[in-house]
1. So is ARG156 surrounded by fewer than 19 Cβ atoms within 10 Å (Cβ to Cβ), closer than 19 Å to LEU13 by Cβ and modelled with pLDDT under 95 or not?
2. Quick check, is ILE187 at pLDDT 95 or above, in contact with a Phe, Trp or Tyr (Cβ under 9 Å, 6 or more places away or on another chain) and assigned to a helix (DSSP H, G or I)?
3. Identify, by number, the condition in (1) out of contact with any strand residue (DSSP E or B) (no Cβ under 7 Å at 6 or more places or on another chain); (2) surrounded by fewer than 21 Cβ atoms within 10 Å (Cβ to Cβ); (3) not hydroxyl-bearing (Ser, Thr, Tyr); (4) not in a helix (DSSP H, G or I) that PRO41 doesn't meet.
4. How many residues are in a helix (DSSP H, G or I) and of a type in the set (Phe, Trp, Tyr) when one looks only at region 67-118?
5. Of all the residues that make up region 149-199, how many are closer than 19 Å to ILE115 by Cα, more than 16 Å from the chain's Cα centre (by Cα) and β-branched (Val, Ile, Thr)?
6. Considering only residues that are in contact with a Lys or Arg (Cβ under 9 Å, 6 or more places away or on another chain) and either surrounded by fewer than 14 Cβ atoms within 10 Å (Cβ to Cβ) or part of a helix (DSSP H, G or I) (or both), which ones fall in region 22-37?
Amino acid sequence: MNKKGAFIVIEGLDGSGKTTQAKLLAAKLRKNHKAVYTQEPSKGKIGKFIRNRILYGEKRFSTTIEALMFAADRLEHIQNEVLPALAGGYVVVSDRYVYSSLAYQGSAGLSLEWIETINEHALKPDLALFIDVDPEAVQARLKSRKSVMENLETQRKVRKIYQKFIEKGELVRIDGDKPKTAVAQEILKVATAFLKTRS
């Protein structure tokens with residue numbers, strides 16, 4: 001399917017500010033582009049189940065089940081939201097995507113190769129950014145109601161996997177320890193420069 005728009009993904013640890021930054025980017029891009037914000041888990045039926053039963057359930061599901069559920073939600077998200085928006089010429093800014101599955105389920109011991117296999121039909125993002133914040137720093141930002149994946153040990157492991165994808169050139173690192181406005185400016189700068197190469 002030919003895409004007219006662009007698919008931009010914002011990744012980061014829980015508490016890194018990625019949701020705020022993804023929404024800010026979409027809003028700023030609307031000055032010169034058609035742009036829309038979306039997120040994973042999605043607002044679909046599978047995404048709602050993930051939020052209510054997996055992320056904030058009483059106990060953590062097996063990582064295999066988690067990975068499969070996230071992959072299923074991702075495909076539904078792509079089909080129902082991302083592809084239609086891209087076909088309409090929109091820049092789609094997604095708060096989390098396949099790298100989150102690789103980092104979080106990978107940190108729990110699942111094979112990254114297997115996670116990539118079950119996500120092989122996921123649309124490749126045009127640009128993927130990682131807001132890099134020290135795991136100790138984000139712990140102070142998290143609210144009292146933490147998800148099952150928001151403990152410090154997990155976050156450290158997750159960050160190491162994200163760093164591997166930065167080294168591979170699949171993710172662009174953004175220094176998330178800077179003030180929020182500076183982070184937003186850097187993200188906008190990178191995204192704008194990228195979009196100019198496509199015009």
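The values are calculated or read from the model by the stated rules, or taken from the named source; none is laboratory data. Note that the coordinates shown come from a computational prediction; the quantities given were computed from them, not determined experimentally. Neighbour counts are summed over all protein chains in view; Cβ atoms, including those assigned to glycine, are modelled from backbone coordinates with ideal geometry.
1. Numbers: surrounded by fewer than 19 Cβ atoms within 10 Å (Cβ to Cβ): yes; closer than 19 Å to LEU13 by Cβ: yes; modelled with pLDDT under 95: yes.
Yes: the conditions hold for ARG156.
2. No; evaluated as a whole, the condition is false for this residue.
3. The failed condition is (2).
4. 4
5. Residues meeting the conditions: 1.
6. ALA22, LEU24
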